[in-house]
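The block underneath contains the structure these notes are about, expressed in structure tokens.
The values are calculated or read from the model by the stated rules, or taken from the named source; none is laboratory data. A quick note: this is a predicted structure, and the numbers were derived from the prediction, not measured. With ideal geometry, Cβ positions are generated from the backbone for all residues, glycine too; neighbour counts draw on all protein chains shown.
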Amino acid sequence: MGGKIRWGVIGSGGIARRRTIPEGILPASNAELVAVYSRSATDNEAVAREFDCQAARSVEQLLGLGIDAVYLASPPAAHLDQVRACARAGVHVLCEKPLGLDVAEAESMVAACRAARVQLGTAFMMRFSAQHRAALALVKEGRLGRLVLGRAQLSCWYPPIAGAWRQQPDTGGGGALIDLGGHCLDLLELFLGPVETVTCLLQRRVHSYPVEDSAVVSLRFRDGALGMVDAFFCIPDDASPNRLELYGTHGSLLAEGTLGQEAHGIMRATLTGPVGGYDPVQARRPIEGLTLDPAPINTYRAEIEAFGEALRDGRDFDPSGESGLHSQRVLAACYESAATGRAVECA
């Protein structure tokens, strides 16, 4: 596939209008925005005027405009039918997470795209952060030693809003865990490998909607490391630093603000190297940390360009649909643990 990738957007409001269209598709070197579609014709026409593209009246019309790929940002309840429609039309899909409402829907989406030989990508855009990539390089080089603990925190203030699909289980699939915690779980697996067992606590602490506003997950990774994820819809934005922490036998990596929609934050590594015997005083000696401060990358542009490059080069995009399906299975184990009060093994 040569030239620029011709994009359509399904679900043109929300994150697509705020971030992915203006920060991702429009400035991407290998992308061209052709058309947008939303259930609200009025809102969709406003988006089309704002970004100088065509306002499609239906998914079918959008798919008939000669586009190569769709960025799918509609509510998860709509993903299954819309991904199947894209697959039938031979159009590649970059789908927001979660892929579907449950594992069965995600499996159907992956199968439909595989049968149609079109790419299905999952929009875990935080993987494309320059700082997260730098951190992953340190981990792969063994600079932190043997990892023993990872923690990811992502929270926001999300009060009840009329019509908000993230606040209803039948449209979003869950609350803070599936929406925010899904990113955290994906990032920790990037650094520490696959999750083996989860133990999860959920509650509605502050808000009155039917999905959880509070989630805490304890993790055991396949190689024996432990982890924690905490995700909340009921902590003020300015009070939540959105931390990422990795601890190993040769040091640690601590970050604030690298998780989220912005492109940058503060990330420092303390690299002690191998240590000697036991110190009964346990004195903390000052060690000059390493600041991980690569040039910021807009994660939305990076994922759009990476998806286009994969199509152009005829290779699989990562994170793939299988990545999204795996995430859905881990999340399902978390919800099962919360419901049963037991640790649950991930499939």
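Here are the numbers for this structure:
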item: Count of segment 88-111 residues which are surrounded by fewer than 24 Cβ atoms within 10 Å (Cβ to Cβ), assigned to a helix (DSSP H, G or I) and out of contact with any strand residue (DSSP E or B) (no Cβ under 8 Å at 6 or more places or on another chain); result: 8
item: Test: A56 is among the hydrophobic types (A, V, I, L, M, F, W, C), crowded, with 21+ Cβ neighbours inside 10 Å, in the same structural domain as S108 (by TED's automatic domain parsing) and within 18 Å of Q261 (Cα to Cα); result: no
item: Residue check for L185: buried (at least 21 other Cβ atoms within 10 Å of the Cβ) and more than 18 Å from L325 (Cα to Cα); result: no
item: Residue count for segment 137-163, restricted to those that are of a type in the set (A, V, I, L, M, F, W, C) and either farther than 29 Å from G14 by Cβ or without any contact (Cβ under 8 Å) to a residue 40 or more places away in the chain (or both); result: 9
item: Complete set of residues in segment 116-168 that are charged (D, E, K, R) and on the phi < 0 side of the Ramachandran plot; result: R127, R133, K140, E141, R143, R146, R151, R166
item: Selection from segment 262-279 of residues that are in a loop (DSSP other than H, G, I, E, B), closer than 30 Å to R19 by Cα and either in contact (Cβ under 8 Å) with a residue 60 or more places away in the chain or touching a helix residue (DSSP H, G or I) at 6+ places or on another chain (Cβ under 8 Å) (or both); result: A263, H264, G265
item: Hits in segment 123-151 - residues which are farther than 12 Å from L244 by Cβ and touching an Asp or Glu at 6+ places or on another chain (Cβ under 6 Å); result: A123, F124, M125, F128
item: Some residue of segment 280-288 being under 16 Å from A135 (Cα atoms) and touching a residue at least 12 places away in the same chain (Cβ under 8 Å); result: no
item: Hey, E212 closer than 30 Å to A225 by Cβ, surrounded by fewer than 22 Cβ atoms within 10 Å (Cβ to Cβ) and in the same structural domain as E245 (by TED's automatic domain parsing) or not; result: no
item: Any pair with Cβ under 9 angstrom, 6 or more apart, that starts in segment 236-247 at a residue that is of a type in the set (A, V, I, L, M) and crowded, with 18+ Cβ neighbours inside 10 Å and ends at one that is at pLDDT 95 or above and assigned to a loop (DSSP other than H, G, I, E, B); result: L244/T258; L244/L259; L246/L144
item: Number of positions in segment 123-162 that are in a strand (DSSP E or B) and out of contact with any strand residue (DSSP E or B) (no Cβ under 6 Å at 6 or more places or on another chain); result: 1
